[in-house]
Amino acid sequence: MQEMPAFTEARAVFRYDEKSKAQVLALKYYDKTQLAPVFGAWLARAGKAYIEKAQVILPVPLHYRRLLMRRYNQAALLAQALAAHCTIPVMPNILQRKRATPPQLGLTRRQREDNVRGAFYVPKEKRETLKSKAVLLVDDVMTTGATLNACARTLHDAGARDVYVLTLARTVIIE
């Protein structure tokens, strides 16, 4: 990595490749929400060290228009499924997306960073909830980390002490 990430640490359940892609896309785009409980158990196992440190679980938010189109936020489903295996509360409305961003598919690392820059915020009335807390940020896939970095920066600016990232899958980039 050429730059240090804004989050403290990150972990994924599995590698995002041709074998796992179908499972992730089934949840994300094909309404296979019944997969979430199984994925939640896997997330709990992979993220055990983070669960021991975190005080709150936050899903990466969708913009409201994308949420209306998709009808659910896959990251929120994963966060809720993870919470079923621990005592940490999920607070889905702390981190919010203030503007719609085009899908990241096909964008370079720099384009992805530009795409999500300034896209997230924490409302002033919710900042006290994060003050000096360790946050467990949940998403479905980590590719370059641009979205998760933007979220982590926003959470740190709002008062979070640490941001641990837990994703279902991680793209492995070999250069």
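The values are calculated or read from the model by the stated rules, or taken from the named source; none is laboratory data. Owing to the predicted nature of the structure, the values given are computational and were not obtained by experimental measurement. Using ideal geometry, Cβ is built from the backbone for each residue, glycine included, and neighbour counts are taken over all protein chains shown. Please note that ligands, DNA and RNA were not included when accessible areas were found on the heavy atoms of the full protein model with its side chains. Shrake-Rupley method; radii C 1.70, N 1.55, O 1.52, S 1.80 Å.
Roll a 1.4 angstrom probe over the protein heavy atoms and tell me the percent of accessible area of the chain that is carbon or sulfur. Write down the numbers at each step before the final one.
On the way: 5010 of 9510 Å².
Carbon plus sulfur share of accessible area: 53 percent.
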## Note on the structure
Simple spin-label estimate for residue 26/residue 67, 7 Å along Cα→Cβ, in nm, reads 2.7 nm
### Message
Quick check for you: with a 1.4 Å probe and neighbouring chains kept, what is the accessible area per residue of the stretch 63-119, in Å²?
### Response
60 Å²
### Query
Roughly what would the spin-label model give for residue 128 and residue 157, points 7 Å off Cα along C-beta, in nm?
2.2 nm
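Please give me the summed charge of the neighbours of residue 50: other residues whose Cβ is under 14 Å from its Cβ, Lys and Arg +1, Asp and Glu -1. Each step should come with its number before you reach the end.
Numbers: positive: 11, 45, 48, 53, 133, 161; negative: 9, 52, 139, 162.
So the surrounding residues net to +2.
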### Query
Tell me, what is the percent relative contact order of the chain, built from C-alpha pairs under 8 Å that lie six or more residues apart?
33 percent
### Query
Once you put a point 7 Å from the Cα of residue 49 and another 7 Å from the Cα of residue 3, both along the Cβ direction, what distance in nm separates them?
2.5 nm
### Message
Can you give me the C-alpha center-to-center distance between the stretch 123-175 and the stretch 58-117, rounded to a whole angstrom?
### Response
10 Å
